[in-house]
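The values are calculated or read from the model by the stated rules, or taken from the named source; none is laboratory data. The structure presented is a predicted model; accordingly, all values stated were derived computationally and were not measured. Reconstructed Cβ throughout: ideal geometry from the backbone, glycine too, with neighbour counts over all protein chains shown. Heavy atoms of the whole protein, side chains included, go into the accessibility calculation; ligands, DNA and RNA do not. Shrake-Rupley method; radii C 1.70, N 1.55, O 1.52, S 1.80 Å.
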Amino acid sequence: MEFNIAANTVFYISIFVIPGILLRRFYYHGEFHKEFSQGNLLERLMWTIFSSIVAILASAGVFLLIRNFFGNLLPAISYSTLKEIFDLLASNELPDGTRFKEIYSDFLFLIFGVYLVSSLLGFIVHKIVISLSTSSVINLFKFKNYWYYFFRGRVKNTPKAKGKKYWYTEADILVDQDGRSKMFSGKVSDYYVDSINNQLESIFLEDIKRYKFDKDSTNYELVDIPGHVFCVPYSRVLNMNLTYVMRSKGVSIWKKILWGLAQFLYFLILFILFSIFWIEEVPGIDFQSIWYKAWFSLNTWVIASILRSFIRKSLYSEERKEDFPFEYIAGVLFFGAQYLWIIWDRTPLSVIIISFIALIIIIGSLEESDKKKKNKNGGKDENQNPNTKKLEEKN
C-alpha cells in the first residue's frame, strides 16, 4: 500500500508539477534566476501548477501538429490508455507487467516531450519579454530585477540610431571611502542583487579608471587602475551615472535568417537523435548492438556541432574569408569515417587510416592558424596579458 501511494504521488508530481517547474526555471534564468525562488510557498506552488497546465496544453498542441504532419508517433498512447493509467493510480493500483511493457516506451516519450516543450516554452517567453522589455504594453510581465534594464540598456531613454545597437554600459560611480568621496569609471561587466528584495549588492567593472582631481577640484585626469575586474559594494555608492555605448549592427537580416535556420536544424537533429531515434528503428540500418546505436548518436551530434560552428563562423566571424576552414572539413572527415564502422561494417584498418589522415589535417591546420594569428599580431601571443602588452608598448 505504501509503495502504491508513493507511486501515485510521484506520478502526479511528474505530470502536474515538474512541467511547471521546468517552465518557470527556464523563464527565470540568467540574471533573473533568483526570482525563481522568490515569494511565499503557496504563491510559488500556485504559479507552478498554473505553469504546468499551460505547458501541458502547449504540449498537446505540439503533439497534434506533429501528428498531422508525420502521423501518429505514439500508437500506444490514446485517451483510453491515459484514462486507464489515471484510474489505476487513483485506486492505488499499478498496471500489470504485460500492459506496462506495451505502453511504457510511448508513455516515457510523451513525458519527455512534455518536459521538452515546457523548457522551450519558458525559454521562448523569456526571450520575448526581454526583447520587448522597453515597451510599456508589457510592463506587467517585466522582471522584478529592475537593475537589469538599467545596466543592459533596456530603458526607454536608451539612445537609438539607424543601423546601431546597444553594445555595453559605462558607469561613473561616486564612492564613499573612509569619509572621502572618490569617483571611478569603467565598463559594467556584472552585478549581483539580493535574492529577497532585488536590491543591488555589488557592481563589477572592467577597464577601470580613477578620477584624479587637482587641488582646486576644477580639473581632473583619468588614471588607469591595474587589474581585470573592480568590485564596488553598493553600500558605499553615493551616486552613479550610466552611459550606453552603441555600435554598428553589422549583420544583415539574411544572415540572421540563415543562422536561425541552422539553429533550428541543429536542435531538430538533437531532438530526433535523443528521442525518436531511440524508440523507432532506422530504416535500412541494422545496428549490431545498443553501443553502436549510442556511438552513432554521439557521432552525429559531434558532426552537427562542427557544421553549426562553421556556419556561425562564416556568418559572424571578422576573419578573412580566404582562410579555408580545413579544420572543419577534417573534423567532419574524422567523425564521418566512424560511420564506415558503425553502419556499413567496413574493416577497422580502413577506418583507422582515414581517421588518422583527418587527425593529421586537423593538427596541421590548427598550427597554421596559430602562425597566421601570431604574424598578424607581430609575433605576439594573442592570449598575452593585456597589462604586459601595455608595458611592452611603453618600453
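In the stretch 33-92, what residues are out of contact with any Lys or Arg (no Cβ under 9 Å at 6 or more places or on another chain) and acidic (Asp, Glu)?
Once the filter is applied, which keeps residues that are out of contact with any Lys or Arg (no Cβ under 9 Å at 6 or more places or on another chain) and acidic (Asp, Glu), the stretch 33-92 yields 43, 87.
Return yes or no: is residue 204 hydrophobic (A, V, I, L, M, F, W, C), in a strand (DSSP E or B) and closer than 27 Å to residue 36 by Cβ?
Taking the combined requirement at face value, the residue satisfies it.
Of the residues 235, 248, which single one is small (Gly, Ala, Ser), over 25 Å from the mean Cα position of the chain (by Cα) and modelled with pLDDT of 70 or more?
235
Can you find a residue in the stretch 246-253 that is part of a helix (DSSP H, G or I), under 30 Å from residue 301 (Cβ atoms) and open to solvent by 40 Å² or more (accessible area, probe 1.4 Å)?
yes
Evaluate the stretch 230-237: report whether one residue or more is surrounded by 13 or more Cβ atoms within 10 Å (Cβ to Cβ), at positive phi and not hydrophobic (A, V, I, L, M, F, W, C).
Within the stretch 230-237 (the criterion being surrounded by 13 or more Cβ atoms within 10 Å (Cβ to Cβ), at positive phi and not hydrophobic (A, V, I, L, M, F, W, C)), the answer is no, since none of the residues qualifies.
List every residue pair whose Cβ atoms lie under 9 Å apart, where the two residues are 6 or more positions apart in sequence or sit on different chains, the first residue falls within the stretch 213-234 and is touching a residue at least 12 places away in the same chain (Cβ under 8 Å), and the second residue, located anywhere, is in a loop (DSSP other than H, G, I, E, B).
234/199
Please enumerate the residues belonging to the stretch 188-199 that are open to solvent by 70 Å² or more (accessible area, probe 1.4 Å) and part of a strand (DSSP E or B).
Result: 192, single match.
Give, as residue ranges, the helices (runs of 4 or more DSSP H) completely inside the stretch 26-145 that count at least 1 residues that are more than 30 Å from residue 272 (Cβ to Cβ), open to solvent by less than 90 Å² (accessible area, probe 1.4 Å) and at pLDDT 75 or above.
Here the list reads 41-70.
Is there any pair with a first residue in the stretch 177-205 that is free of Cβ contacts under 8 Å to residues at least 60 places away in the same chain and a second that is open to solvent by less than 20 Å² (accessible area, probe 1.4 Å) and charged (D, E, K, R) whose Cβ atoms are under 6 Å apart and which are 6 or more apart or on different chains, and what are they?
Correct list of pairs: empty, since none qualify.
If you take the residues in the stretch 150-187 that are of a type in the set (A, V, I, L, M) and surrounded by 13 or more Cβ atoms within 10 Å (Cβ to Cβ), which one is farthest from residue 246 (Cα to Cα)?
Among those residues, the one meeting the criterion is 175.
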